[in-house]
Every structure is written in C-alpha cells, then in structure tokens.
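Chemist: Structure below; questions to follow.
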Amino acid sequence: MKILYKNFLWAIITFLVLAMLFSGLLVNQELAGTLSLSETAEKIKNGEVASITIMGNNLEIGLKDGGSARAKKEDEASLTETLENYGVYPEILQGISIEVKEESGFRFWLGILIPALLPIIIIGAIFWMIFRQAKTGASQVFSFGKSNIRLFAPHKDRITFKDVAGLKEAKQELEEVVDFLKNPKKFLDLGAKIPRGVLLMGNPGTGKTMLARATAGESNVPFFHISASELVEMFVGVGASRVRDAFQTAKKAAPSILFIDEIDAVGRERGAGLGGGHDEREQTLNQILVEMDGFERDTRVVIVAATNRPDILDSALLRPGRFDRRVVLDLPDIKDREEILKIHAKDKPLEKEVNLNKVAVRTPGFSGADLANLINESAILAARKNRKVIIQQDLYDSVEKVLLGPERKSRVISEREKKITAYHEAGHALVTASLKDADPVHKISIVARGRAGGYTLKLPLEEARLRSKKQFLADLAIFLGGYTAEQEVFEDISTGASNDLKEASHLAKSLVTKYGMSDLGPMTFGKAEEMIFLGREIAVEKDYSEEVAAKIDKEVHKFIDLAHKTAQKIIGSRRKALDAIANELVKKETLEQEEFYNLLKPFNLKPLAITA
Ligand code: ADP
Ligand code: MG
Ligand code: ZN
C-alpha cells in the first residue's frame, strides 16, 4: 500500500513537470518577436510588410527591412477578414505577397494530439505503474516456493580447517568429503560409494555451521547455506518446492556443498508431536529424502546437515544413502578451549602477561561460541575502562558474564538482605568444601547476576562425561546448603532458595526415574513427550502404576531428606566457619578460590563422606 502511494506521488510529480514544460514552451513561442494583430495591421498600413505566410492560425510576417515577426490570426476567420476588422482593406494587401502554407504535419498533429492525448497518457502511466506494482506483488506470491538459499562463493570470506580449533575427529571424517569434492574421479574410477550426506551433531555453538563452511573452503567449492526452519511455511507444499529449488541450485553449481542447518526443524520423527502443521514438515522432509535418493552416482554435491537434537531425527534420514555419515562435535576440552581462545584473540590486543590457559581452566562446558563471545566481552570491558589492551582480569570477568549474565551491582539491597544472601551462599560454599565428592569452590559472590541474587561457582577438577551417584548426592546436599544455612541462622527461610529447591527436586527425581540410582533398582520410569514447537518436554507419559508412582515419590523424598540432613550436619557442626565466610562475603562481596580456602584453613575442616 505504501509503495502504491509512492508511485502515485511520482505520477503526480511527473504530470506537474510535464505541464510546466509544455506551458513554458507555448509561452516562449508566443513571446519570440510576436506582434499583436493591431500592431500587424499598423505595420501593413505603414507599408513595412513585404510578405505574409499563413500556417493555420500562425502568421509569419516578412518585413521590408529584412526582419521577420510572428503573429496570430483569429480562429475560424480568414486573414483578409481579420485584417479588415483592423482597417486594413484588401487593396492595401495587394502589394504584399501572401502565401498559404500547410501547417507542417508534425506541428499540426502535435497541436491537436497533445491536448487530447496528454491526460490519456498520464492516466495510462498511472495505471501502468499500479499494474506493475501489482505484478511484482503477484510474482512475490509466486516466488514463495523459491528457497532463499545463501551462497558463499569459494573465495569470499573463505575459512578452512585451520580456522577451526580442535574437533580433530570431526575434521578427519570430513577430510574424506574434501578429498572427494577435489578429486571425484579417483573415487568414481574405483566404483567407490560417494559420501552423499553428512550429519553434524553437536551442542549449540560447537562449530557445526563453521565446520561445514570450512569444509567447503577446504575443498574450494561453492557453499550453499539454508536453514531448515526457513523451509517451512504456513502453506503445505511450499517447503517441498523450496527444497527442490535448493537442490537444483546446488546441482547447477556442482561440485558444491549444500548445507541444511538445524535440520531437526523438519527432520523430526514423523507422526510425533501435538497440534497440526506437521503435514508441511513431513512433505518437506520427504522432498529432502526424494532429492537425495535421486542423486546420480556421480552427482558431485555433498549434503551436510547440522542438528543439536540427533535423538529426535526421523530414522529415514539416517538410512544408508542419506545422512549415513555422522560426525559428532564435542564440547571442547581444556586444550581445545585454549586453542579456540587463541584463534579468537588473534586480532585483539592482549597484554603480554595474559595467560589463556588459565581462562581455559575456568571454562569447562563452554562451547566454541561461548568462548568467542567471552573474548569479545573482554574487549568490550577493556574498551569501557579506556584501556588499549585486554588484561587477564577482563577475561576472568567475562567468564562470569557469559556464564551468568551481567553483574547487577546497581541493584539496591538492604543490609539485611545482603546478610541473608551472604549466609545463603556461605551455606552452599561450606557444604561444597566439606564434602569429599564435591567439586572445589571456584568463586563465591553475593553480587546479583542475571536473575540470581548471588552464586557459588564450583568447577570439576577434571572434565568428566560421567557423574557418579556419590557426586550427585553431594550436589543435592550443596543445593540444600543455602536453604539450610538460612534456616539455621535466621530460623526462617527466604524465597532466595526456591531455585535451588527446584533444581534439587529435579535432580532427585532424575536419580530415581532416569539413572536407576535409587532403591527401586536399575529401571527407568516415564517416557518424556515433547512439544514439537518448543522442543521441550511438556509432559511425562506415565508408563507405571499409581503404586509405583508412590514408591518413586518416596525415593525422591529420601534423597532430598538425606541431602537436607547432610547439609544440616555440616552447617550445625561448622557454624564458626559459616560465620567467617558470611562475614567476609558481606565485607568483600566476592571471594576467589584462593581467598576462600585460605579463610577456611584455620578451621581445619576434614572432608566428609555422605552416609545415610
Ligand atoms: P553451531 O552451528 O554448532 O551452533 P557455529 O558454527 O555457529 O555453531 O559456531 C558459532 C561461533 O563459535 C563460530 O562462528 C565461531 O566463532 C565459534 N566457534 C565454535 N567452534 C569453534 C572452533 N572449534 N574453533 C573456533 N571457533 C569456534
Ligand atoms: Mg549453527
Ligand atoms: Zn542458592
């Protein structure tokens, strides 16, 4: 609608300009040496006129002194008649040669046509503009089925495996794809089956998109990027036609890589989920399968797809000839983290003493994207402090910022609230420091961050993929440490513990229903239903009886109870240490690992094991 208005405006402006031009032209014509009829008659009477040429109503008057002038006669009257009215009698005209010329064809027609046609032309132009507008609108509707595929040409912003830190195994797997794209003949001659689909699986930010691009860069082929979530529209069939379009584009540019990002958006197990709208998803998915099956043996297009939810993918996608190569991208370990940090710090001015290894130590569980973000945050921090270089502390501060959201120093808290928070966090920290199976405390703070009022950071000594029951029990006790400390010290409980309790309950329940760590034995209970659109568990389908449900509840209670008792035992018997930590927190607000353990040294705490 807005565009229509704009066109209309243009039409009007054009009209005005044209009108001005024409009127200007006409006026000019009249002004150039034009005589009025009475002046003409005067000149004729004075014998100054030698000749008159008549063209329509225009008179061209040749003067005896060699000059010339123009005049106009009246419409619908002959020249002699007209002049007679001015007292020029035919006798006087006899000495003058009068010539009647046909008006020049062009001018004649122009004179007639322009006034008649101009409005038509203008109206026509307006219609044409509106029509053209409507037509592009219509073609937009018809281009619906086109994928908005993005092309990264091989030479533009090229990244290669060198730019991707770590991920050694993944790179090795992809080497084969690179090899094929570079040198397909070698494979085809041997009758080898060509890699057709590669599925990259990994947590968000582990570098799936980056690695796919690097594979294209490494093989020096065009890289087509499409996000599966963009494929699906409101209308059934649109996704399928977009898939067709994307594959066609990629095939035309072969050898090439077609990257389908977040494929779980269409590749979810068919027939699962609630609500309507999966017809469209299914059709889109089917089209992907059809396109992949339709590849000739020598089609030199490799489809790379990425997902962070391999567990929910339709099994048809994983069948041979489709995405039969699966590459897992792990979260980086400490060495890889350091490398990723190095890569992203390359173009940033770091102070010489900065030790990225120490940052890597503090960032277990960070993905590549988190680490890239961390470096960026540290640069922002340094800039805000008007420094030219990034120092170690900037990096440390950014770790927490990425982890917990920005500090909210400005949040006003009363003295009492501060004290409660201090005891709460001291409770977490003391329980953590007291338990044999707990991870060491890295930092405690009562500065609000994100939504948390304070926090106690504990980090595992080494990275472990597995967690044992003993560690979980310690975790549970630590969750309840804050709650218990408040209870002990203030004989009251604040809302600050609610999140801890939620986490604790969830963990306790998982111990029983997921990990088989309770007295109910090695069994899992319940099947999680997922909400397709949100990708979240919304309901757990009960696959057990009410009796078992009651038993589960009892086991969960037992875990929580044990955790609470453990926390009470520690806090009750080590109250002096608790007070020391809390007081120090009120004073300093933040305690680093070293400060914390130094503070505890005089108390000579022995590590405890959890016993029922
Ligand atoms: P994903 O697609 O797995 O969610 P991306 O590939 O989009 O993750 O990664 C996001 C960003 O994280 C990248 O642009 C890059 O800056 C950084 N990153 C992730 N992994 C690595 C890595 N292994 N090496 C270097 N940078 C990485
Ligand atoms: Mg991605
Ligand atoms: Zn807490």
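The values are calculated or read from the model by the stated rules, or taken from the named source; none is laboratory data. Keep in mind it's a predicted model, so treat the numbers as computed, not measured. Positions of Cβ are backbone-derived with ideal geometry, glycine not excepted, and every protein chain shown enters the neighbour counts. SASA here: full protein model, heavy atoms, side chains in, ligands and nucleic acids out. Shrake-Rupley method; radii C 1.70, N 1.55, O 1.52, S 1.80 Å.
Chemist: Hey, what do the phi angles of the range 211-224 turn into as Karplus ³J(HN,Hα) couplings, whole Hz, using 6.51/-1.76/1.60 and θ = phi - 60°, x for Gly and Pro?
Modeler: 5, 4, 5, 5, 5, 5, x, 5, 8, 6, 10, x, 10, 9
Chemist: May I pose another question? Rounded to the nearest percent, how much of the accessible area of the range 176-271 (1.4 Å probe, protein heavy atoms only) is carbon and sulfur?
Modeler: The computed percentage sits at 52.
Chemist: Here's something else I'd like to know. Percent relative contact order of the range 161-233, based on C-alpha pairs within less than 8 angstrom and at least six residues apart?
Modeler: 40 percent
Chemist: Can you list the lysines whose alpha carbon is less than 17 Å from that of Lys587, not counting same-chain residues fewer than 8 positions off?
Modeler: Result set, ordered by chain and number: Lys409, Lys418, Lys419, Lys443, Lys576.
Chemist: Give the residue list of trypsin sites (Lys or Arg not before Pro) in the range 187-264 that are DSSP loop and have at most 16 other beta-carbon atoms within 10 angstrom.
Modeler: Sparse-neighbourhood loop trypsin sites (Lys or Arg not before Pro): Lys193.
Chemist: Hand me the trypsin sites (Lys or Arg not before Pro) from the range 307-389 located in a DSSP loop with no more than 12 other Cβ atoms within 10 Å, in residue order please.
Modeler: Lys346, Lys352, Lys385, Lys388
Chemist: Residue by residue, what Karplus-based ³J(HN,Hα) values in Hz, rounded to whole numbers, does the range 70-81 have, using 6.51, -1.76 and 1.60 with θ = phi - 60° and x for Gly and Pro?
Modeler: 10, 7, 10, 9, 5, 5, 6, 9, 7, 5, 4, 4
Chemist: Where in the range 275-341 are there GluC sites (Glu not before Pro) that are in a DSSP coil and have at most 12 other Cβ atoms within 10 angstrom of their Cβ?
Modeler: On the way: sites: Glu280, Glu282, Glu291, Glu296, Glu338, Glu339; in loops: Glu296.
Qualifying residues, ordered by number: Glu296.
Chemist: Could you name the aspartates and glutamates in cross-link range of Lys352, using Cα to Cα under 15 Å and dropping any fewer than eight places away on the same chain?
Modeler: Result set, ordered by chain and number: Asp394.
Chemist: Now for a separate question. What is the spin-label model distance, in nm, from Ser545 to Lys185 if the labels are put 7 Å beyond Cα along the C-beta direction?
Modeler: Each label point is offset 7 Å from its Cα along the Cβ direction, giving 7.2 nm.
Chemist: Between their Cα atoms, which of Lys251/Lys342; Lys558/Lys606; Lys162/Lys470; Lys569/Lys601 are more than 30 Å away from each other?
Modeler: Over 30 Å Cα-Cα: Lys251/Lys342; Lys162/Lys470.
Chemist: A further question on this structure: Excluding residues on the same chain fewer than 8 positions from Lys554, give the lysines whose Cα lies under 19 Å from its Cα.
Modeler: Within the straight-line cut-off, Lys554 pairs with Lys469, Lys502, Lys509, Lys514, Lys542, Lys565.
Chemist: Now, a different point. Apply the Karplus curve 6.51 cos²θ - 1.76 cosθ + 1.60, θ = phi - 60°, to the phi angles in the range 508-523 and return the couplings in whole Hz, x for Gly and Pro.
Modeler: Per residue, the Karplus-derived 3J(HN,Hα) values read 4, 5, 4, 4, 7, 8, 10, 9, x, 9, 9, 5, 6, x, x, 8 Hz.
Chemist: Could you list which residues have their amide H under 5 Å from that of Ala305, counting only those 5 or more apart in sequence or on another chain, with H placed in the peptide plane?
Modeler: Val198, Leu199, Leu200, Ile260
Chemist: Then there's this: In terms of modelled amide H atoms, which long-range or inter-chain residues lie less than 5 Å from the amide H of Ser68?
Modeler: Here the answer is Leu63, since their amide H atoms fall under 5 Å of that of Ser68.
Chemist: Starting from the amide H of Lys458, placed 1.01 Å from N in the peptide plane, find each other amide H under 5 Å away whose residue is 5 or more places distant or on another chain.
Modeler: Correct list: His442.
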